[in-house]
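Right, one structure below, let's go through it.
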Amino acid sequence: MRVFANPVGAGSLWFDNLATADGTPVAYDPQARAFVPMPPFCANRERIGCNWIAPQSGAFCRSCAMTALAPDPDIPDAMPNWAKAEAAKRWMLDNLGRWHWFRPEDPGARPVFHMLAEGSYPVPMGHSQGVVTISVAEADPVLVTMRREALFEPYRTMIGHMRHEIAHMLWWRLSLREDFLDAFRTLFGDERIDYGAALQYHYDNGPPAEWRQYYLTSYASAHPHEDWAETAAHLLHLTDIADSFVAAGMSSPQIDQRGWDAYAEPDAGRLIRVASELTVGVNHVNRSMGLPDLYPFVLSDFARHKLAFVHDWLRRGAQGL
């Protein structure tokens with residue numbers, strides 16, 4: 001994610017800022033990819049802290065307008081969790097906008113989000129026919145830690161959920177192309193195999209012993225749809241790690257040009273190599289503070305090949321789909 005110029009003075013702004021250091025209200029314009037100091041602001045600004053602009057006074061911003069169902073405010077912690085979930089959604093959408101997804105120039109379908117709170121029962125997250133369902137309870141750090149440990153996951157965050165579930169929607173968009181489906185099935189397998197049965201087998205028996213040679217995560221081994229979603233989410237992780245590293249003014253021998261733009265990099269192999277090397281260094285920094293690794297994954301050669309496939313399609317796929 002970029003670091004942004006202050007439109008009314010000195011200093012920088014971060015993607016989630018609502019005001020400058022001196023208290024001047026600002027909002028993010030996702031079309032211009034810049035902050036502006038004037039209304040109209042999103043109608044959700046006061047309610048959940050949305051910091052994007054709106055097309056007109058009293059309207060929702062581009063991101064909030066995609067939310068068709070909001071959580072029940074009577075469920076404990078629903079509103080603060082929803083605010084965190086929407087913030088992660090805005091980050092994810094702006095990332096994908098660097099490749100033209102869901103911007104005005106993208107002629108294809110936009111996602112519809114059902115952002116639901118958990119009452120007596122968990123909310124199953126997923127995607128169906130363009131509708132992405134998100135449990136906002138997953139923004140709660142205690143709940144996330146409990147579920148991560150129960151499921152033996154090395155990584156579980158709201159932005160991770162957003163990237164995984166939107167990846168299913170992106171596959172749905174891309175599957176309109178026969179050339180995509182043929183290439184996908186050659187590399188990932190035939191997604192027409194029974195999804196429910198495949199997941200039940202995975203939960204009953206676990207991943208194959210050699211899963212690390214072929215998949216980024218054990219869950220990716222459950223079904224070709226999940227392999228795609230995990231791989232696409234990881235491509236977004238790695239691309240944004242590299243982009244944020246450069247935007248923060250840090251340097252590395254892996255980046256040999258000033259102002260390198262990870263999202264504009266056409267060479268998938270180079271992007272993945274640079275990003276994975278950066279994660280090694282940042283993981284080392286995290287350990288100095290007793291924190292978990294920022295990116296606790298190892299990329300096999302086969303996983304890198306899949307990441308390159310996703311990179312190719314996501315960079316060119318928004319146009320005409």
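The values are calculated or read from the model by the stated rules, or taken from the named source; none is laboratory data. Here the structure is a predicted model, which means the values were calculated and not measured. Here the Cβ positions follow ideal geometry from the backbone for every residue, glycine too, while neighbour counts run over all protein chains shown. To get the accessible areas, we keep the full protein, side chains included, count just its heavy atoms, and leave off ligands, DNA and RNA. Shrake-Rupley method; radii C 1.70, N 1.55, O 1.52, S 1.80 Å.
Looking across segment 104-121 at every residue that is of a type outside the set (A, V, I, L, M) and in a strand (DSSP E or B), the one that is least open to solvent (accessible area, probe 1.4 Å) is identified as Phe113. A single entry from Trp172, Trp101 fulfils the requirement of being under 30 Å from Pro266 (Cβ atoms) and open to solvent by 10 Å² or more (accessible area, probe 1.4 Å): Trp172. Of all the residues in segment 66-100, those that are small (Gly, Ala, Ser) and closer than 23 Å to Leu314 by Cβ number 4.
Residue pairs whose Cβ atoms lie under 7 Å apart, sitting 6 or more positions apart in sequence or on different chains, and linking a residue in segment 250-268 that is touching a residue at least 40 places away in the same chain (Cβ under 8 Å) to a partner that is surrounded by 10 or more Cβ atoms within 10 Å (Cβ to Cβ) and in a loop (DSSP other than H, G, I, E, B), are Tyr263/Arg98; Tyr263/Trp99.
Looking across segment 189-215, the residues that are assigned to a helix (DSSP H, G or I) and among the aliphatic types (A, V, I, L, M) come down to Ala197, Ala198, Leu199. May I ask you to verify whether Thr133 is modelled with pLDDT of 95 or more, within 20 Å of the chain's Cα centre (by Cα) and either loosely packed, with under 14 Cβ neighbours inside 10 Å or not in a loop (DSSP other than H, G, I, E, B) (or both)? For Thr133, the condition - modelled with pLDDT of 95 or more, within 20 Å of the chain's Cα centre (by Cα) and either loosely packed, with under 14 Cβ neighbours inside 10 Å or not in a loop (DSSP other than H, G, I, E, B) (or both) - is met. Pairs linking a residue in segment 298-318 that is without any contact (Cβ under 8 Å) to a residue 24 or more places away in the chain to a residue that is in a loop (DSSP other than H, G, I, E, B), with Cβ atoms under 7 Å and 6 or more positions apart or on different chains, do not occur. Cβ separations smaller than 9 Å between residues 6+ apart or across chains give the following pairs from segment 120-140 residues that are farther than 19 Å from Met79 by Cβ and touching a residue at least 12 places away in the same chain (Cβ under 8 Å) to residues that are among the hydrophobic types (A, V, I, L, M, F, W, C) and assigned to a loop (DSSP other than H, G, I, E, B): Gly130/Ala109; Val132/Met125. Annotation for segment 175-192: no member residue is under 20 Å from the mean Cα position of the chain (by Cα) and open to solvent by 40 Å² or more (accessible area, probe 1.4 Å).
Scanning segment 1-13 for residues that are closer than 27 Å to Asp106 by Cα and loosely packed, with under 12 Cβ neighbours inside 10 Å yields a total of 0.
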